[in-house]
Ligand SMILES: Cc1cc2nc3c(=O)[nH]c(=O)nc-3n(C[C@H](O)[C@H](O)[C@H](O)COP(=O)(O)O)c2cc1C
C-alpha cells in the first residue's frame with residue numbers, strides 16, 4: 001500500500017484497511033509516499049494506492065516528489081495490478097478525488113492494470129466509510145490474480 005496524505009485522514013483509513021487485510025492473512029507493505037521511490041513498484045505486483053486531494057485537484061504534499069520522479073522514470077508496469085482508495089470532498093467539484101484519478105491514469109499509462117473500481121470517500125472518513133473501505137479492500141484482493149512478484 002502507498003499512502004498520500006496531508007493531514008492524516010487517508011493514513012487513518014489506510015491503517016484500518018491494512019489491519020483488516022492482515023487479519024485476512026494478506027502480507028502488506030505499508031509505505032508513506034514521502035518515503036517511497038517509484039522503483040518500489042517494480043518489486044510488487046499488487047498495489048492499493050490511497051490518496052487525498054488538495055488545492056484544486058492536486059496531489060497531497062507528501063506525494064509530490066514521488067510523482068515527479070515517477071513521471072521522469074516512466075517505469076514499465078505491465079506486471080502491476082492496482083486499485084485506488086481516494087479521499088476528497090464534493091465541495092471541491094469538479095476536482096472531487098482528482099488525485100486518485102491522476103494516479104489511476106498515470107499507472108494505467110505506464111502499463112499497470114486496474115483490478116477494481118476506485119473507492120471514494122466524501123468529506124469523511126466516518127466509521128461507516130472505514131468499514132466500507134475494509135470491505136472494498138477484501139474485494140480488491142480477491143480480484144488480484146495470484147502471480148508471483150517479478151523480482152521474487
Ligand atoms: C485546502 C483544501 C483543499 C482541498 N482540495 C480538494 C480537492 O481539490 N478535491 C477534493 O476532492 N478534496 C479536496 N479537499 C478535501 C481533502 O481531500 C479531504 O479533507 C481529505 O479527507 C484530506 O485527507 P488527508 O488528511 O489524508 O490529506 C481539500 C481540502 C482542503 C482543506
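Within the stretch 41-88, which residues are over 14 Å from the mean Cα position of the chain (by Cα) and near the ligand (Cβ under 8 Å from one of its atoms)?
Listed by number, the residues that qualify are 54, 55, 56, 57, 58.
Determine which single condition residue 129 fails, assuming it passes every other condition in (1) within 13 Å of the chain's Cα centre (by Cα); (2) touching a residue at least 60 places away in the same chain (Cβ under 8 Å).
(1)
Yes/no per residue for (1) touching a strand residue (DSSP E or B) at 6+ places or on another chain (Cβ under 8 Å); (2) part of a loop (DSSP other than H, G, I, E, B); (3) over 22 Å from residue 46 (Cα atoms); (4) within 16 Å of the ligand (Cβ to nearest atom):
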position: 95; (1), (2), (3), (4): yes, yes, yes, yes
position: 101; (1), (2), (3), (4): yes, no, no, yes
position: 104; (1), (2), (3), (4): yes, no, no, yes
position: 111; (1), (2), (3), (4): no, yes, no, no
position: 124; (1), (2), (3), (4): yes, yes, yes, yes
position: 136; (1), (2), (3), (4): yes, no, no, no
position: 139; (1), (2), (3), (4): no, no, no, no
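Do you know which residues across the stretch 1-19 are surrounded by 24 or more Cβ atoms within 10 Å (Cβ to Cβ), part of a helix (DSSP H, G or I) and within 11 Å of the ligand (Cβ to nearest atom)?
Those that are surrounded by 24 or more Cβ atoms within 10 Å (Cβ to Cβ), part of a helix (DSSP H, G or I) and within 11 Å of the ligand (Cβ to nearest atom): 10, 13, 14.
Restricting to the stretch 113-122, what's the tally of residues that are in contact with a strand residue (DSSP E or B) (Cβ under 6 Å, 6 or more places away or on another chain) and within 14 Å of the ligand (Cβ to nearest atom)?
Residues that pass the stated criteria total 4.
Pairs please, first residue from the stretch 103-122 and closer than 23 Å to residue 93 by Cα, second anywhere and away from the ligand (no atom under 16 Å from the Cβ) and outside any strand (DSSP E or B), Cβ atoms under 6 Å, 6+ apart in sequence or on different chains.
119/136
Each value in this text was obtained by applying a stated rule to the coordinates, not by laboratory testing. Given the structure is predicted, the values throughout are model-derived calculations rather than measurements. Neighbour counts are summed over all protein chains in view; Cβ atoms, including those assigned to glycine, are modelled from backbone coordinates with ideal geometry.
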